[in-house]
Amino acid sequence: MAINSGWKRAVSPNAAREVEPISKRVVTTAEIATPLSRRCATLVEPLETTPDAAKDACLPKVTKAVMAHDKNAAAAPVTAEDAHGASVVEESLAEDIPEHFRRLKGYIINLERRPDRLARCQDMLQKETPWLAFEQFKASDGNRNPIPETEVAMTWNTCCNAHFADYFEWVFDAPGTSFDKTPWKWACDTGKEDSDWTFTEEGNEPWTYVFDAVDTSERLGTATKTATGEAFRVRLRFAQRYVNPGLEQRMSDGERGCAHSHLRMWKLAAERAEPTLVLEDDIQFCFTRSDSSLGEADGHVFTRRLALAMQHAPSDLDVLYLGWSGWRDGHNRHPKDSEEERPDAHDYMRKAEYVWTTVAYVLTQAGAKKLLAAATPTISQPVDNFMAWEASQGRLNAYVVLDEGDTDYTWAGGIVDQFDFQGDSDITKSDGGHQGHDEKVFAVTCK
């Protein structure tokens with residue numbers, strides 16, 4: 001879910017609660033199957049445009065230092081004169097890329113009717129990662145062609161996703177009245193402009209899902225009706241109905257097509273002995289990093305950080321998320337007695353608890369087989385929820401890649417972002433999402 005001011009970088013938990021700069025990725029496009037939560041239509045800031053100077057910096061930069069396992073290694077760019085084009089750059093990389101990395105192959109999930117997206121993605125990959133072999137993987141078009149119900153369910157229940165998503169709401173606290181305990185407004189919506197109501201929360205710090213979801217202390221506030229000045233006491237609570245019994249939602253055609261595309265991708269990956277790089281066509285390598293003092297991300301950063309993560313990945317890795325938002329070791333939704341102890345890998349990757357987005361991930365053969373087994377008989381949720389739930393239940397050994405500036409208090413991180421396709425999405429979100437789609441349209445009517 002995008003919190004009140006968009007996807008903010010998380011703050012330190014100390015008394016000062018100083019807010020860090022806005023995250024590098026306020027994802028406004030999300031060709032992911034579902035957003036951070038069920039519905040929040042909070043307006044978010046547009047994806048920061050990479051300035052021309054930064055774009056110039058996003059040219060192929062390839063030396064041995066690119067693949068150096070020393071995270072502090074400096075990488076000098078190869079000039080155009082030295083490189084003589086991408087083919088020479090690829091040749092220079094051949095000896096430097098570790099064997100397991102060199103055999104990595106990328107597949108761009110792309111609708112045939114969107115050659116514009118494919119062209120943008122191909123141009124970026126050829127410029128930023130000339131060493132990477134890739135090809136188009138034609139997506140299932142749920143908006144144009146029927147998706148088999150035997151492979152992707154028509155409906156899904158919120159009961160799983162709600163354990164991790166933002167279903168917090170303010171309810172009236174008015175004992176003895178007919179509206180006592182009835183919902184007033186979603187917590188994520190209280191920061192929006194509202195001509196009918198004003199809201200004041202008690203306490204020193206306003207409640208936010210990212211920082212305070214694990215806090216069970218009581219939260220109270222006052223909702224005042226603008227027209228009459230009448231004030232109502234409200235109380236924060238979790239909307240338990242989304243967990244038990246859960247709300248039944250129809251999956252949108254786009255969501256079903258997206259899920260089917262990934263299902264087919266898993267079948268391909270299950271036949272490959274080497275890891276598979278799954279890319280959606282809104283993948284972006286050039287963006288402002290979590291720590292802006294580190295400069296702009298580009299193919300050089302992507303290559304170096306991915307190599308480090310894969311070098312430190314466990315032998316039983318299933319999924320490695322390259323871009324993510326949500327809960328993982330260091331920032332879990334449901335605190336564990338102990339987190340995984342892997343100090344050698346701590347700077348490069350973390351165990352995923354429940355993260356959203358499927359814009360880019362590395363999938364091993366073992367991971368693909370596990371996902372296919374879980375998808376039997378059908379994929380029963382939007383695909384990123386589906387994968388996240390399997391990880392949260394310990395059935396999928398999933399990790400997130402950290403960029404150098406990502407910390408325990410980073411909400412959305414990694415080494416990729418999503419290109420700004422705001423208003424140009426092929427996937428309507430059945431739980432509303434940050435694009436502002438209406439979840440009520442997809443509600444299954446109870447008979």
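The values are calculated or read from the model by the stated rules, or taken from the named source; none is laboratory data. For clarity, every value in this text was computed on a predicted model and none was experimentally measured. When we count neighbours, we look across all protein chains shown, and the Cβ atoms used for this are built from the backbone with ideal geometry, even at glycine.
Selection of the stretch 182-220 for residues being without any contact (Cβ under 8 Å) to a residue 60 or more places away in the chain, in a strand (DSSP E or B), under 15 Å from Arg237 (Cβ atoms) and not acidic (Asp, Glu) yields Pro183, Trp184, Lys185, Leu220.
Filtering the stretch 235-270 to residues that are surrounded by 19 or more Cβ atoms within 10 Å (Cβ to Cβ) and not in a helix (DSSP H, G or I) leaves Leu236, Leu247, Gln249, Met251, Ser252.
Of the residues that make up the stretch 332-342, is at least one of a type in the set (Gly, Ala, Ser) and under 25 Å from Val214 (Cα atoms)? Among the residues of the stretch 332-342, at least one is of a type in the set (Gly, Ala, Ser) and under 25 Å from Val214 (Cα atoms), which makes the answer yes.
Matching residues to (1) farther than 20 Å from Ile108 by Cα; (2) at pLDDT below 95; (3) in contact with a Pro (Cβ under 7 Å, 6 or more places away or on another chain); (4) not hydroxyl-bearing (Ser, Thr, Tyr):
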| position | (1), (2), (3), (4) |
| --- | --- |
| Ala368 | no, no, no, yes |
| Met387 | no, no, no, yes |
| Gly394 | yes, no, no, yes |
| Tyr399 | yes, no, no, no |
| Thr410 | yes, yes, no, no |
| Ile415 | no, no, no, yes |
| Ser425 | no, yes, no, no |
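Note on the stretch 228-250: residues that are within 18 Å of Ala187 (Cα to Cα) and out of contact with any strand residue (DSSP E or B) (no Cβ under 8 Å at 6 or more places or on another chain) amount to 4.
Number of residues in the stretch 111-149 that are in a loop (DSSP other than H, G, I, E, B) and in contact with a Pro (Cβ under 7 Å, 6 or more places away or on another chain): the value is 1. Kindly check whether there is at least one residue in the stretch 289-301 that is buried (at least 22 other Cβ atoms within 10 Å of the Cβ), at pLDDT 95 or above and under 25 Å from Thr158 (Cβ atoms). Looking through the stretch 289-301, none of the residues is buried (at least 22 other Cβ atoms within 10 Å of the Cβ), at pLDDT 95 or above and under 25 Å from Thr158 (Cβ atoms). For Ala174, the conditions (1) in a loop (DSSP other than H, G, I, E, B); (2) hydrophobic (A, V, I, L, M, F, W, C); (3) in contact with a helix residue (DSSP H, G or I) (Cβ under 9 Å, 6 or more places away or on another chain); (4) touching a residue at least 40 places away in the same chain (Cβ under 8 Å) all hold with the exception of (3). Among the residues of the stretch 309-366, how many are farther than 22 Å from Thr276 by Cβ and either among the aliphatic types (A, V, I, L, M) or assigned by TED's automatic domain parsing to the domain that holds Ala213 (or both)? Result for the stretch 309-366: 0.
Which members of the stretch 168-179 meet the condition of being out of contact with any strand residue (DSSP E or B) (no Cβ under 6 Å at 6 or more places or on another chain) and surrounded by 12 or more Cβ atoms within 10 Å (Cβ to Cβ)? Result: Ala174, single match. Candidates are the residues of the stretch 348-363 that are among the aromatic types (Phe, Trp, Tyr) and assigned to a strand (DSSP E or B); the one that is surrounded by the fewest Cβ atoms within 10 Å (Cβ to Cβ) is Tyr354. Number of residues in the stretch 327-384 that are out of contact with any helix residue (DSSP H, G or I) (no Cβ under 6 Å at 6 or more places or on another chain), aliphatic (A, V, I, L, M) and free of Cβ contacts under 8 Å to residues at least 40 places away in the same chain: the value is 1.
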